[in-house]
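Heads up: the structure comes next, in C-alpha cells.
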Amino acid sequence: MSLNDLALDVPHAAVAAAAAELRAALGDRALLRGDAGYDAARTPWNLAVAQHPFAVVIPESAQDVVDVVRAATLSGLRLAPQSTGHGAGALSDTDLAHTVLVSLRSLRGVTVDPETRTARVLGGSLWNDVLEAAAPHGLTALHGSAGDVSVVGYSLSGGLSFYARAHGLAVNAVRAVEVVTADGSLVRASAAEHPDLFWALRGGSGSFGVVVAIEIDLLAVADVVAGMLLWDASRASEVAHAWAQWTQSAPETATTTLRILHIPQMPELPPFLSGRSVVVIDGAIEETDAAASALLGPLRALQPEVDTFARIPAPALVGVHMDPPEPSPSVTWHAVLGELPARAVDAFVEAAQTPGIFVQELRHLGGAVNRRPEGGGAIASLDGEYLVHSIAMVPAPEAAAPATAAVRAGVAAMVAWRVDALALTFVDAPGADRSVAFGAAWARLRQLKLDYDPANLFAAARPV
Ligand SMILES: Cc1cc2nc3c(=O)[nH]c(=O)nc-3n(C[C@H](O)[C@H](O)[C@H](O)COP(=O)(O)OP(=O)(O)OC[C@H]3O[C@@H](n4cnc5c(N)ncnc54)[C@H](O)[C@@H]3O)c2cc1C
C-alpha cells in the first residue's frame, strides 16, 4: 500500500506525517487503510453504513484519548467518537476521508456505588455492562430497548426507555461527564464544574469531545412487570385502536409500544414469528402484580396469541422488544405526534403495509418525558404524546434507496398529527433538521460549540 492511498487529495508528506502521529500516539491500535483489522474496526453496528475514515484508533484509557486528540490536531484531521455504531446512519453524510474514527469499544467498565445509587461508566460501555453491575444491588438504569447500545451515545442524545413515562429521559440521570475536549484537556463537567459544558454535552454529545466516562443515577428497581402481547397482523386495526384508547388513561408507570412487524422467514426464529406479519404491544409497568394485571385487562381481553407479561428481573427488560442481537443493516425515520385520534390509527395501520417496511412502531410518550427538570441540559424533555418510527432492512446496498423511501412514506402518512419535536436518539439518517430536537436551546448550543470546538474538530452523528 502506498501512503498516498490513505487520502488521495492530501499531499504524501502530510498523510505520512498524520499516520506517524497516530502511530506514535496509539501504536498498533491506530489502524490505517490497508492494515489488517482496519475493515473490521471501521464497520459500525448498522451494517447498512459504509464508513471510510482516514484511520480508526482504539483507545484503552483517557490518556490514549488525550494523545489521539493532540495527534489529530497536529495533523489537521478531525475526530469522530463512536462506541458501537448503532447511530452510524446519522453520520453517513459526513465525509470521513480526513477524519479519525475514535472507536471506544475497548474503553468499557462500570463501577456501582449502591449508597448513592450511581454508576461511573467508562466511555464505550454498553447498557448490558451497567445492568450486570447494578443488578446485584437491586438497581437498574434508564436503558433503551437494546442492551448493546452504548450508555454515552444513548444518554447524551436523550435516551427513551421503557421507564420513560415515569422517570423521564435518560439524559436527566447524567450527573457528570469526563470528556477530552478539542484543546486536548481532560475535563470533568457537572452541575458544579464547567456547568456550560455540562449543559451542552447533555444533547450536544460527541460534538463537544470524546467522553471517557460518565456518571449516572440508577433506579431502585430490581424487577418489573414487562413483556409482550402478540396477535396475527390480521388483527392490527382492532389491536391498534384498542391500544390507542388504552394509552389515553394508562398511568405514567406504564411505558409501552405498539408495532406491526413483517418478519422474514428465518430458521433461528421461533415458528410464531418466522415468516409472519404480527402486531405486538410490549413494554414495562412499574406496579404491583395485581395493579399491572388489572391494567393489562383490556388488552388481554383481545385474546393475544402470545402473552409474556410477567414480573421479570430488571436486566431481562432488554430482551422484551426483540431488537436484533447482532449487527444488522437498516434505515429508519421517525416523527413525534401530538395525538393519536382514530384517523391517525387507521393511517398508521395502512402505512405499515408500505412495501419494504419491516417494522412500523408507535412509542407512547407523555408523562415525565414531557417534563423538563430543573437544571436540565440542552435536551431534557420531549414534547408530544407518541413517536412513530419506521424501520426497513437493507440487505444489499442497492436496497438502500427503496428502503429509505419506504420508511419516509411510513412516517409521512402520520404528518397531519406531527408536532415540532424530534427524539435525537431516533435521528438515524442524514437530512433531519436536528435543531427541531433542541427548540429554544439550539442558539445557545451552537454558541457553545463555537466556544469549545472553534475548529470543528469533532464530527458527531447528530452534529450541532
Ligand atoms: C436496535 C436499536 C435499538 C435502539 N433502541 C433505542 C431506544 O429504546 N431508545 C432510544 O432512545 N434510542 C434507541 N436507539 C437509538 C440509539 O440510542 C442511538 O442511535 C444512540 O446514539 C446509539 O449510541 P451508540 O453509542 O451505541 O452508537 P454510536 O453510533 O457509536 O454513537 C452515536 C453517536 O453518539 C456519540 N458518542 C457515542 N459514544 C461517544 C463517546 N464515548 N464520546 C463522545 N460521543 C460519543 C457520537 O456523537 C456518535 O456519533 C436504538 C438503536 C438501535 C439500532
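A few points about this structure:
- Whether the range 3-106 is rounded, prolate or oblate, judged on the alpha carbon gyration tensor where a/c under 1.5 counts as rounded: oblate
- Inter-part distance, the range 243-287 to the range 116-153, computed on C-alpha centroids, equals 24 Å.
- Between D113 and D183, residue separation times 0.36 nm minus the direct Cα-Cα distance comes to 22.1 nm.
- Inter-label distance for D28 and E398, nm, one decimal - labels placed 7 Å from Cα along Cα-to-Cβ: 4.0
- Computed over the range 137-179: relative contact order in percent, which uses C-alpha pairs under 8 Å that are six or more apart: 37
- The order of the peptides 14-20, 361-367, 294-300, 323-329 by mean Cβ neighbours within 10 Å, most packed first, is 361-367, 14-20, 294-300, 323-329.
- Shown for the range 3-106: the carbon plus sulfur share of the solvent-accessible area, taken with all protein chains present and a 1.4 angstrom probe, equals 53%.
- Around the amide H of V212, modelled in the peptide plane, lie the amide H atoms of E178, V179, V180, all under 5 Å away and 5 or more residues distant in sequence or on another chain.
- Estimated FRET transfer efficiency when R0 is 22 angstrom, pair A20-T43 (beta carbons, to 0.05): 0.30
- Rounded D (µm²/s) - the range 110-220, Kirkwood Rh over Cα pairs, Stokes-Einstein at 20 °C, 1.002 mPa s: 156
- Relative contact order, percent, the chain [alpha-carbon distance under 8 Å, six or more residues apart]: 18
- 3J(HN,Hα) along the range 170-187, derived from phi through the Karplus expression 6.51 cos²θ - 1.76 cosθ + 1.60 where θ = phi - 60°, amounts to 4, 4, 6, 8, 7, 9, 7, 10, 9, 9, 8, 8, 4, 8, x, 8, 8, 10 Hz, with x in place of Gly and Pro.
- Rounded to the nearest 10 degrees, the angle from helix 12-26 to the longest Cα principal axis of the chain is 70 degrees.
- In terms of the mean number of neighbouring beta-carbon atoms within 10 Å, the peptides 375-383, 277-285 order highest first as 277-285, 375-383.
- Put simply, the amide H of R175, placed in the peptide plane, has neighbours under 5 Å in E215, I216, D217, leaving out anything fewer than 5 places away on its chain.
- Sulfur and carbon atoms: percent of accessible area, the range 223-435 [1.4 Å]: 57
- Dimensions in Å of the range 262-394 - Rg and Dmax from alpha carbons: 17.0, 50
- Mean sequence separation of contacting Cα pairs (under 8 Å, at least six apart), scaled by the length of the range 300-451, corresponds to a relative contact order of 31 percent.
- Two-decimal ratio, the chain, of alpha-carbon radius of gyration to 2.2 N^0.38 Å: 0.97
- DSSP assigns beta bridges within the chain; of those with both partners inside it, close to 85 percent run antiparallel.
- Positive-pole candidate from P454, G85, H143, dipole of the chain, charges at beta carbon: P454
- Probing with 1.4 Å while keeping every protein chain in the model, the per residue accessible area of the chain equals 38 Å².
The values are calculated or read from the model by the stated rules, or taken from the named source; none is laboratory data. Source: prediction; values computed, not measured. Cβ coordinates were reconstructed from backbone atoms using ideal geometry, including for glycine residues, and neighbour counts include every protein chain displayed. The area values use the complete protein model at the heavy-atom level, side chains included, leaving out ligands, DNA and RNA. Shrake-Rupley method; radii C 1.70, N 1.55, O 1.52, S 1.80 Å.
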